[in-house]
Amino acid sequence: MNYEQRLKAAARVVLADDSRAGDAPVEAASFGVTATLKPYQVEGVSWLIRRYNLGVNVILGDEVRFIIRRGSSKFCLNSSKCLRYVSNSKNVHKIVEMGLGKTLQAISFLSYLKVHKKSPGPFLVLCPLSVTDGWVSEVVKFAPNLEVLRYVGDKEHRRSLRWKMHEHVKEQSSSYNGSLLPFDILLTTYDIALMDQDFLSQISWQYAVIDEAQRLKNPSSVLYSLLKDRFLMPRRLLMTGTPIQNNLTELWALMHFCMPSVFGTLDQFLFTFKEAGNPSSGHDTAKVKEQFQSLKCILGAFMLRRTKAKLIECGNLVLPALTEITVMAPLLSLQKKVYLSILRKELPKLLALSSRTSNHQSLQNIVIQLRKASSHPYLFPGIEPEPFEEGEHLVQASGKLMILDQLLQKLHDSGHRVLLFAQMTHTLDILQDFLELRKYSYERLDGSVRAEERFSAIRSFSGQSIKGSLNSESDQNGAFVFMISTRAGGVGLNLVAADTVIFYEQDWNPQVDKQALQRAHRIGQMNHVLSINLVTRHTVDEVIMRRAERKLQLSHNVVGDDVMNWEGKETAGVETGDLRSIIFGLHRFDPTEISTEKLGETQMSDLNAMVEKVLAKRYEQTAEKDDRKFEVNPLDLSSGSDIAIGESSTSVGLDPGLDDASYLSWVEKLKEASQTGSNPIMESGTRRQAPEEKHLKHEAAKKKAEEKKLSKWEALGYCSLSVKEPIPPEDSDMMSDSGSVHFVYGDCTQPSKICPSEPTVIFSCVDDSGNWGCGGMFDALAKLSASIPDAYQQASEFGDLHVGDLHLIRINEGSDEQNMEGGSPQWVALAVVQSYSIRRKIPRSKISLPDLERCLSKASFSAAQNSASIHMPRIGYQDGSDRSDWYTVECLLRKYASVYGIKFFVYYYRRST
């Protein structure tokens, strides 16, 4: 019996049990579940019970959610990821299940194990941190007979939980009645499972549930190996709405985790289904279809997969229509210059690709840099003109942003709400500047936003009416746009208040974008949903989009309802994870066009016409199908063409015949174009690095006076804490991936709460008066250490306090706190950026931005020397005032974070709820 026959035989045994199942449906109330399960939920629980009795571990792949009713109000939530609103609300009258609810089915099944199977437990549930509250609230409400322990928190909290368990076991050991532990379910996260593996792996888990199990798609990951080989959990349930994301290797990883003895080795799986894994490589079409059907049959025995489409078809689910439009944005002049600069710089690596000598990391770096140029050139330090000022240059530098500007203007006027997704947080920074420039209200969610503030923003956005709210008096201050980092907020959120979804950047994995779209197109949505995907034409953006379409086709063929006809639908035949094929696709960009392009060649009238046609698609009626896909090219519209309907994967395909010879021909063309012109990125970097001769002469003239002053200070025992002017790093024109700016809530004088084990620098602004102030930061710093005001006042007494100086004060060196608790080094950086004169009507001047930049440069250099992060309040930002100062400060923070590769943490007050 070969491998495929063995899989089919195992599937037949499992499916035969389903055909024999003629007993009455399970009664959830009989095993302590208080919720009223829908028929398809009962079917799901029965399916889990049958598989458990057969000794089969399975995957639950349902994808839908539920609605909460409170009086006459209605909120739609994800059943596996309930927001804290549910657990904290005292007025929830009724929960109406609207879909399948993987979490509720899993909880019902665990309750069945305890009541009917008399299983003493314990049960383990692994899930993302953001959904732990949802799990707890559902267990408490729907299965009160189950005791759940939320094993999360910091190191000390988890240690105390383990101590309580130990004490409980000691007390119960004398009267053992089946379970010594004080819980039925231990709920924790993947990261804590890794950190506390020595403790958790000692417990014999009777059953394990792994939520969002796509985390296990990499069989080489530490988490995968740890759970499979070290944890004692022979019975397992995986829960994921995306069982296949990129390739068959990931699908095998999940199936092998469930049933390793059945699914064998990866090589066996890939060899058996090689035609299905790569259907575009010239294999016989009939053979490809046969393998897909065989694979679906096998998976059907081990996976319960019910999608929105299936529910809609059988009448159990009603959703408004979805229209998806891909808009091909032009690459503007500045973007082309930056794009070509990157290609010129990476020319040796591009040549090495054809000889197979380039490595994965170097290719990935090239692609990342090209993606930045395709999104917005200001993602590179030194490209935005200084001084940093808000203005139309921000919009006119990017083709995507010009189109987005037109889209948002019309969406805002018509009362729609928008979800705006981007992959990079630096892109969100630019989009935030743009929204501020246009005075649009917005919320922002990325990885730096803490859970409680995240839920507050979601409630604020979702609490508004779906349409027309911008015109209502009660919602004048409501958010028009919700900006979201795809990875941080693409899963587990409910944002049906928006009926328009715009993807400014695409994720590497198309399933992530697909899940992100479900934040708006889901149960509870009442309006036609319009999804707009912005892709820069003839760039790496377009190549990645085409490859994403192929990945989605693979997922559809493996777990979809039918097998697509692959005839005439050739795509790149190289494995989807191979970056070489993405580099090969760069031939779409013509390097010779750079000399003929002019800034502003794309006329606003053409963009306006394109945007009007795109938005009009929402209101068109069609009898063909509810979900439609379009692709729009502004250049085609300007020539009189209309928007074409069709599958985008066939509209512009990758060249399947692109070989090394064709690739080398394009590289040679690039090489010829590179011999003329110069590199704008390198030139701008050189200009920024060039020292000012006038400044050097001034420094030389002051040298003798400085030496005399230092001699006097030494005689009086004074040691200056002022930081010298730093020397910029040689590669300061290139962005460091390690540098970043984070926005957090709290007190910046307590950075250990954010970075508990890192050296930190607290940055604060002062004037040159020498008089330590009262209130606010002054009191907080004085409370932190008396040496801070003393050092400031002493500097003034010795004439060492000038505007532009930065005084760096070490505050915990040799302190008892550091010695006893192992505290990390901590400094306070006092930036003298305001002058003080009693002759002025307002003695204290405004913050001097040039001097602030000098101080930020010094502080960044010092932080980099000490591997420290910088913590500071929001400087130059006041509600209701002109925020141009804050725009400049934020640009400076991003600049020096990138130059020195450090982290800035900007603190502001928590909003009142």
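The values are calculated or read from the model by the stated rules, or taken from the named source; none is laboratory data. This is a predicted model, so every value here is computed, not measured. Note that each Cβ is placed from the backbone with ideal geometry, even for glycine, and that neighbours are counted across all protein chains shown.
Mind counting the residues in the range 103-152 that are more than 33 Å from the chain's Cα centre (by Cα) and closer than 14 Å to R236 by Cα? Number of matching residues: 3.
Looking at Y877, Y909, Y900, can you tell me which residue is of a type outside the set (G, A, S) and either crowded, with 23+ Cβ neighbours inside 10 Å or modelled with pLDDT of 75 or more (or both)? The conditions single out Y900. Counting just the residues of the range 133-158 that are surrounded by 13 or more Cβ atoms within 10 Å (Cβ to Cβ) and of a type in the set (D, E, K, R), which one comes out modelled with the lowest pLDDT? Within the range 133-158, the match that is modelled with the lowest pLDDT is D133.
Could you list, in sequence order, the residues of the range 506-521 that are aliphatic (A, V, I, L, M) and either assigned to a helix (DSSP H, G or I) or free of Cβ contacts under 8 Å to residues at least 24 places away in the same chain (or both)? So that I can check it myself, show each step before the final result.
Within the range 506-521, the first condition is being aliphatic (A, V, I, L, M), and the residues that meet it are 512, 516-517, 520.
Scanning the range 506-521 gives V512, A516, L517.
Taking the conditions exactly as written (in a helix (DSSP H, G or I), assigned by TED's automatic domain parsing to the domain that holds K514 and not polar (S, T, N, Q)), does L411 satisfy them or not? Taking the combined requirement at face value, the residue satisfies it. Counting residues in the range 414-430 that are hydroxyl-bearing (S, T, Y), at pLDDT below 90, surrounded by fewer than 22 Cβ atoms within 10 Å (Cβ to Cβ) and part of a strand (DSSP E or B) gives zero.
So, S764, is that one out of contact with any Asp or Glu (no Cβ under 8 Å at 6 or more places or on another chain), surrounded by 15 or more Cβ atoms within 10 Å (Cβ to Cβ), among the hydroxyl-bearing types (S, T, Y) and part of a strand (DSSP E or B) or not? Spell out how you get there, then give the answer.
On the way: out of contact with any Asp or Glu (no Cβ under 8 Å at 6 or more places or on another chain): yes; surrounded by 15 or more Cβ atoms within 10 Å (Cβ to Cβ): yes; among the hydroxyl-bearing types (S, T, Y): yes; part of a strand (DSSP E or B): yes.
So S764 fits the description; yes.
For (1) of a type in the set (G, A, S); (2) within 23 Å of the chain's Cα centre (by Cα); (3) in the same structural domain as G134 (by TED's automatic domain parsing); (4) more than 23 Å from L54 (Cβ to Cβ), each residue gets a yes or a no:
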residue	(1), (2), (3), (4)
L187	no, no, yes, yes
S220	yes, yes, yes, yes
S225	yes, no, yes, yes
P243	no, yes, yes, no
W252	no, no, yes, no
M255	no, no, yes, no
P260	no, no, yes, no
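Just one of (1) of a type in the set (S, T, N, Q); (2) surrounded by 14 or more Cβ atoms within 10 Å (Cβ to Cβ); (3) modelled with pLDDT under 90; (4) under 34 Å from the mean Cα position of the chain (by Cα) fails for S845. It is (4). Would you be able to say whether some residue in the range 173-188 is surrounded by fewer than 20 Cβ atoms within 10 Å (Cβ to Cβ), within 25 Å of T36 (Cβ to Cβ), touching a residue at least 12 places away in the same chain (Cβ under 8 Å) and of a type in the set (G, A, S)? No, the range 173-188 contains no residue that is surrounded by fewer than 20 Cβ atoms within 10 Å (Cβ to Cβ), within 25 Å of T36 (Cβ to Cβ), touching a residue at least 12 places away in the same chain (Cβ under 8 Å) and of a type in the set (G, A, S).
With the structure loaded, tell me whether V56 is farther than 19 Å from F302 by Cβ and crowded, with 18+ Cβ neighbours inside 10 Å or whether it fails that test. Working first, answer last.
Working: farther than 19 Å from F302 by Cβ: no; crowded, with 18+ Cβ neighbours inside 10 Å: yes.
In short, no.
Checking each residue in the range 195-241 for being buried (at least 21 other Cβ atoms within 10 Å of the Cβ), among the charged types (D, E, K, R) and under 21 Å from P122 (Cα atoms) picks out D211, E212, R236. For the range 168-189, the criterion of being under 27 Å from S456 (Cα atoms) and touching an Asp or Glu at 6+ places or on another chain (Cβ under 9 Å) is met by at least one residue.
Residues considered: K118, K114. Of these, the only one that is of a type in the set (D, E, K, R), under 26 Å from L200 (Cα atoms), at pLDDT 70 or above and crowded, with 22+ Cβ neighbours inside 10 Å is K114. Of the residues making up the range 723-743, none is at pLDDT below 85 and more than 30 Å from P385 (Cβ to Cβ).
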